[in-house]
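The block underneath contains the structure these notes are about, expressed in structure tokens.
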Amino acid sequence: MPLGQRLRELPGPLLLTGHTGFKGTWMTFLLEHLNVPVVGFSLPAEKDSLFDRAERTGAIPEEFSDIRDYEALERFIDLHKPSTIIHMAAQPLVLKSYENPRETFDINLMGTVNLLDIAFKKDFIKAIIIVTTDKVYRNDDSGRAFVETDPLEGKDPYSASKVGTESAVAAWQQISRISGGPNVVSVRAGNVIGGGDLAKNRLIPDLIRGVMSGSEVEIRNPSSTRPWQHVLDPLSGYLTALELSIIDPNISHFNFGPKDRGVEVSQIVQMAKHHFPQIKTTYVAENFAGVESRTLDLDSSISTLKLNWYPVFDQLDSVDLTLIWWKEALENNFSVSDLCKNDILKRFS
Ligand SMILES: NC(=O)c1ccc[n+]([C@@H]2O[C@H](COP(=O)([O-])OP(=O)(O)OC[C@H]3O[C@@H](n4cnc5c(N)ncnc54)[C@H](O)[C@@H]3O)[C@@H](O)[C@H]2O)c1
């Protein structure tokens, strides 16, 4: 069945939380491409975010409220009667989670608990995807790729809050089995990249900020590897998992990793310098050693087996696509929305 068809056949729209974020903006463009009706619930977009640059305010029915505001969320759900939900709203930054651990837990765990608690009171909701992260796995830096059944343990406050989110998912999966209710599935992906992301303390956004400001970019942990993955690959996985979860109660968690093993940070920096020779960088001592994990790879065989999902872009293509997006936006003044739509056509045609 073509992607989106089962969602189009449902009576209500898809509720996307976090629609003003990086992944949320791309997901909304993708849902529009697939003609799937979508409504959004999030905090207002940050200045210079992809949502802001693409002037997306008012593009879909939306509310700018806090996921921790139970009454506002329930009112919105009652108003729009969504048939399905993808929950992405979160405080997603590791370093910020060290500064605000309590708030990170509050948003990531209690926001999810609010959403699940409300959703289970509404019989019009059929399936829910909860977006967590590859950082939920207990990471001993062995270099082994994680599978869905591996033990979970969050070292830093962000990862721990997402392990808490996974516990909430497990609890509501159990409620669903015992008392009925929507199917709940968690999805785990790694550092995603793509045009428009300017989140702090992420490598490509840091490099792009360096291009825009002309200032030197500090590169930490140059020998670390990360699973660089174009945002459209896991987003297609989230939608495929959602469509299957509407009809199959026996699925619970999916990894969506990149095609090949991680690429070193230093290689990404070289590629950025190829597209933007003006970038100035300096390598700093690994002062975040122990704060962020050195290696992290995901095994996505279960997603391939059960969802027929596989990543289309390899890691180097994903980096290139992202850098070209920024070059067209910053140096050739292309429309940000058109750039996203073009990348969607490349991924899905
Ligand atoms: N971007 C990545 O590399 C990556 C990797 C793994 C997992 N994730 C997960 O994917 C999801 C989306 O990440 P992103 O990169 O798009 O993040 P983002 O920071 O760009 O977007 C976060 C979204 O959540 C919303 N939000 C934050 N706090 C909120 C609150 N209290 N109430 C309502 N809305 C709130 C924001 O308004 C925004 O729409 C998150 O759950 C994140 O943990 C992201």
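The values are calculated or read from the model by the stated rules, or taken from the named source; none is laboratory data. Every value quoted in this text rests on a predicted model; they were computed, and no experiment measured them. As a convention, Cβ positions derive from the backbone with ideal geometry for all residues, glycine included, and neighbour counts pool all protein chains shown. Surface areas here come from the heavy atoms of the whole protein model, side chains and all, with no ligands, DNA or RNA. Shrake-Rupley method; radii C 1.70, N 1.55, O 1.52, S 1.80 Å.
If the condition is being in contact with a Gly (Cβ under 7 Å, 6 or more places away or on another chain) and open to solvent by 70 Å² or more (accessible area, probe 1.4 Å), then the range 46-62 contributes only Arg53.
Among the listed residues Ser293, Ser300, Ser245, Ser349, which satisfies the condition of being at pLDDT 95 or above, out of contact with any Phe, Trp or Tyr (no Cβ under 9 Å at 6 or more places or on another chain) and polar (S, T, N, Q)? Talk me through it step by step, then tell me what you get.
Numbers: Ser293 fails: at pLDDT 95 or above; Ser300 fails: out of contact with any Phe, Trp or Tyr (no Cβ under 9 Å at 6 or more places or on another chain); Ser349 fails: at pLDDT 95 or above.
Result: Ser245 is the single residue among Ser293, Ser300, Ser245, Ser349 that is at pLDDT 95 or above, out of contact with any Phe, Trp or Tyr (no Cβ under 9 Å at 6 or more places or on another chain) and polar (S, T, N, Q).
Given the options Leu296, Leu330, Leu305, name the one that is assigned to a helix (DSSP H, G or I) and touching a residue at least 12 places away in the same chain (Cβ under 8 Å). Break it down into steps so the answer makes sense when it comes.
Values: Leu296 fails: assigned to a helix (DSSP H, G or I); Leu305 fails: touching a residue at least 12 places away in the same chain (Cβ under 8 Å).
Of Leu296, Leu330, Leu305, the one residue that is assigned to a helix (DSSP H, G or I) and touching a residue at least 12 places away in the same chain (Cβ under 8 Å) is Leu330.
When Asn108 is tested against the conditions (1) open to solvent by 10 Å² or more (accessible area, probe 1.4 Å); (2) near the ligand (Cβ under 10 Å from one of its atoms); (3) closer than 14 Å to Ser186 by Cβ, the lone failure is (1). Tallying residues that are more than 8 Å from the ligand (Cβ to nearest atom) and open to solvent by 20 Å² or more (accessible area, probe 1.4 Å) within the range 85-101 yields 6. Among strands (runs of 3 or more DSSP E) entirely within the range 80-196, having at least 2 residues that are more than 26 Å from Arg220 (Cα to Cα) and touching a Phe, Trp or Tyr at 6+ places or on another chain (Cβ under 8 Å) singles out 127-131, 183-189. None of Lys121, Lys47, Lys81, Lys126 is at pLDDT below 95 and not small (Gly, Ala, Ser) except Lys47.
Out of the residues in the range 197-216 meeting the condition of being out of contact with any Pro (no Cβ under 8 Å at 6 or more places or on another chain) and assigned to a loop (DSSP other than H, G, I, E, B), tell me which one is surrounded by the most Cβ atoms within 10 Å (Cβ to Cβ). Per the stated criteria, the residue is Arg202.
Condition first: more than 12 Å from the ligand (Cβ to nearest atom) and open to solvent by 30 Å² or more (accessible area, probe 1.4 Å). Can you find one or more residues in the range 125-135 that meet it? Write out each step before concluding.
Taking the range 125-135 as the starting set, the residues that turn out to be more than 12 Å from the ligand (Cβ to nearest atom) are 125-128.
If we keep only those that are open to solvent by 30 Å² or more (accessible area, probe 1.4 Å) as well, we get 126.
Yes - at least one qualifying residue is present in the range 125-135.
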